[in-house]
Amino acid sequence: MDRFFAEKGFGFVHFDKGQQSIFFHVTQCEDGAEGMAPGTRVSFRIGHNPKKGKTQAEDLRRVD
């Protein structure tokens, strides 16, 4: 996880070996936002937000 703004309910995760960053909303965190912080390792899939017309990270899960 690159950045996380708990008070706003969103953040960004790195992918493609850290070359790109993608938006996520806490509603996409399968275990909720608790424990999420910059540096947290997560798995996710790349999806599409039809309302915003942009890509987003979905189905985020913390990885130990």
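The values are calculated or read from the model by the stated rules, or taken from the named source; none is laboratory data. Note that the structure is a prediction, hence the values are computed from the model and not measured. Heavy atoms of the whole protein, side chains included, go into the accessibility calculation; ligands, DNA and RNA do not. Shrake-Rupley method; radii C 1.70, N 1.55, O 1.52, S 1.80 Å.
Give the carbon-plus-sulfur fraction of the accessible surface of the chain in %, rounded to a whole number; probe 1.4 Å, heavy atoms of protein chains only.
On the chain, the fraction of accessible area on carbon and sulfur atoms equals 48 percent.
Any aspartates and glutamates with Cα under 17 Å of the residue 17 Cα? List them, leaving off those in the same chain fewer than 8 positions away.
2
Can you match log10 I(q)/I(0) by the Debye sum over Cα atoms at q = 0.21, 0.26 Å⁻¹ to one of these, (i) -0.78, -1.20; (ii) -0.94, -1.18; (iii) -0.80, -0.97, based on a calculation from the structure here?
(i)
Give me the aspartates and glutamates in straight-line cross-link reach of residue 54: C-alpha distance below 18 Å, same-chain residues under 8 apart excluded.
16
Kindly report, to the nearest 10 Å², the accessible surface of residue 36 as traced by a 1.4 Å probe over protein heavy atoms only.
20
For the chain, report the accessible area per residue in Å² (1.4 Å probe, heavy atoms, rounded to an integer).
69
Determine how large the accessible area of residue 25 is when every protein chain is in place; take a 1.4 Å probe and give Å² rounded to the nearest 10.
70
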